[in-house]
Amino acid sequence: MTDLFDPITLGDIECANRIVMAPLTRGRADKQGVHSDLVVEYYRQRASAGLIISEATGISRAGLGWPYAPGLWTDAHVEGWKPVTEAVHQAGGKIVAQLWHMGRLVHPDLGEGQPVSASATAGPHRLHTYEGKKEPVEARAMEKPDIEATIDNYAHAAANAIRAGFDGVQIHGANGYLIDQFLRDTSNHRDDDYGGSAENRARFMREVCEAVAGEIGVGRTAIRLSPVGEVNGCDAHDPEETFVTAARILEEIGIPWLEMREPEGESSFVAADHGRVSPAMRKVYSGMMGLNSDMTFDKGQRMLREDACDFIAYGRPFIANPDLVERFRTGAPLNEVDPKTFYSQGPHGYIDYPSLEEEIA
């Protein structure tokens with residue numbers, strides 16, 4: 001019977017357990033997207049996870065619309081990440097970089113002029129800037145040269161991730177960001193090879209995955225998807241058709257693992273408006289599949305034992321509990337998370353949550 005503490009192989013990565021740290025935007029880089037030593041300690045503390053998926057990390061200035069989020073498109077970014085990956089490896093952990101392009105959710109004050117997306121649309125929410133949130137801006141529909149350049153940016157960032165010492169990358173294809181804006185028909189109104197049918201809407205995802213796999217090896221390439229529920233204005237009228245098609249394409253490419261945010265019913269992040277799609281995806285995708293969204297220890301164990309997935313990704317529990325694996329193993333109580341410090345600057349609510357050892361001392 002599969003257990004959260006059993007080892008698992010995710011492509012080329014040997015993981016000590018099936019408790020994965022989900023990607024968590026924390027906003028502790030500088031305005032150039034370069035990390036400081038503060039981040040080294042944060043990730044080192046959480047290295048007992050079977051695998052850490054890094055916070056979402058920009059592939060280009062044009063694609064990064066979150067204040068103080070990190071990047072991976074320059075040598076300075078690579079050098080900023082190197083101490084992080086070294087610390088995680090010295091502590092016995094594994095870590096992959098999540099590659100991020102926010103598409104229409106990038107305000108011009110943070111990006112490079114008008115944002116881009118699958119179609120000339122705007123997101124439904126005010127956009128982040130260093131001066132606070134501002135009104136959304138209509139994106140420019142990407143033309144073929146834009147698509148090709150962006151795919152090159154993904155591949156370049158993936159190569160930089162390996163240079164920085166990451167064990168691989170996870171492509172962010174979820175949560176209403178650029179790849180999701182292509183996948184879903186509420187945001188993709190194109191009538192060319194990148195729009196219309198589910199196969200066409202998944203073409204951009206396919207080409208990004210193929211480019212990244214070609215650059216760093218398919219065994220070090222993964223992706224995140226979010227098939228259930230509207231998020232950031234993106235939804236699909238037929239989620240099963242859209243994401244089973246995506247899963248079949250990932251199978252064809254040979255992507256070895258997939259992690260998904262798939263809430264059931266009411267969720268603290270987004271309310272589900274459709275039943276779980278992962279069972280249908282699992283019929284066409286033979287790689288390792290992980291689920292994330294409001295997971296507890298008991299629910300995670302149940303999902304594994306029912307063969308609903310192969311690993312569980314935990315987000316907020318890892319924010320407040322750097323030793324989450326040991327707390328799960330011993331049945332110890334969990335620290336409560338402080339949402340006010342999710343994106344604040346400095347160490348408070350970042351590296352000062354106590355471990356079990358500190359609580360006992």
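Rule-based calculations on the coordinates, nothing more; no lab input. Because the structure is predicted, anything quoted here is derived from the model rather than measured. Counting neighbours? That spans all protein chains shown, and the Cβs are built from the backbone with ideal geometry, glycine included.
Here are some notes:
- Overall form of segment 1-100: prolate. Here a/c, set by the Cα gyration tensor axes a ≥ b ≥ c, is 1.5 or more, and a/b is the larger of a/b and b/c.
- The chain - charge dipole about Cα centre, Lys and Arg +1 at Cβ, Asp and Glu -1, debye rounded to 20: 240 debye
- Here is the tail figure for segment 152-280: Cα pairs spaced more than 25 Å apart come to 23 percent of all pairs.
- Segment 298-353 - Rg (one decimal) and Dmax (whole number), Cα, Å: 13.5, 41
- Ellipsoid semi-axes for the chain, based on the Cα gyration tensor and the rule √(5λ), read 29, 24, 19 Å when sorted largest first.
- Between the residues G331, Q98, P115, the greatest Cα displacement towards the positive end of the dipole of segment 8-360, with unit charges on the Cβ of Lys, Arg, Asp and Glu, is found for G331.
- Charge dipole of segment 8-360 about the Cα centre (unit charges at C-beta), most positive-ward option of N160, P347, G50: P347
- Computed lengthening from E358 to D298, 0.36 nm per intervening residue step minus Cα-Cα distance: 19.1 nm
- Each residue of segment 15-30 was assigned a 3J(HN,Hα) from its phi angle through the Karplus curve 6.51 cos²θ - 1.76 cosθ + 1.60 (θ = phi - 60°); the sequence is 10, 6, 8, 9, 9, 9, 7, 5, x, 9, 5, 10, x, 10, 7, 8 Hz, with glycine and proline shown as x.
- For the chain, excluding the exposed loop sites themselves (chymotrypsin sites (Phe, Trp or Tyr not before Pro), DSSP loop, at most 16 other Cβ atoms within 10 Å), the longest remaining stretch covers 131-268.
- Look at M21, M289 and count the other Cβ atoms within 10 Å of each Cβ; fewest to most, that gives M289, M21.
- Cβ crowding within 10 Å ranks H348, H101 as H348, H101, fewest other Cβ atoms first.
- Computed log₁₀ I(q)/I(0) - Debye formula, equal Cα scatterers, no solvent, segment 71-130, q 0.13 Å⁻¹: -0.54
- Amide H to amide H distances under 5 Å link F5 with R18, where only residues 5 or more positions off or on other chains count and H is placed in the peptide plane.
- For Q98, residues with placed amide H under 5 Å, excluding near neighbours: S54, T57, Q170
- Modelled spin labels at E336 and D30, positioned 7 Å past Cα toward Cβ, are 3.7 nm from each other.
- Subtracting the Cα-Cα distance of T186 and A159 from 0.36 nm times their residue separation leaves 6.5 nm of extension gain.
- For segment 121-135, Karplus couplings with θ = phi - 60° (6.51, -1.76, 1.60), whole Hz, Gly/Pro x: 9, 10, x, x, 10, 5, 9, 6, 9, 6, 9, x, 7, 10, 4
- Considering helices alone, the calculated mean residue ellipticity of the chain at 222 nm is -9000 deg cm²/dmol, with DSSP H runs of length four and up weighted by -39500 (n - 2.57) and normalised per residue.
- For segment 95-213: rounded, prolate or oblate by the Cα gyration tensor [a/c cutoff 1.5]: oblate
- Potential extension, V284-H237 segment - 0.36 nm per residue separation minus Cα distance: 14.9 nm
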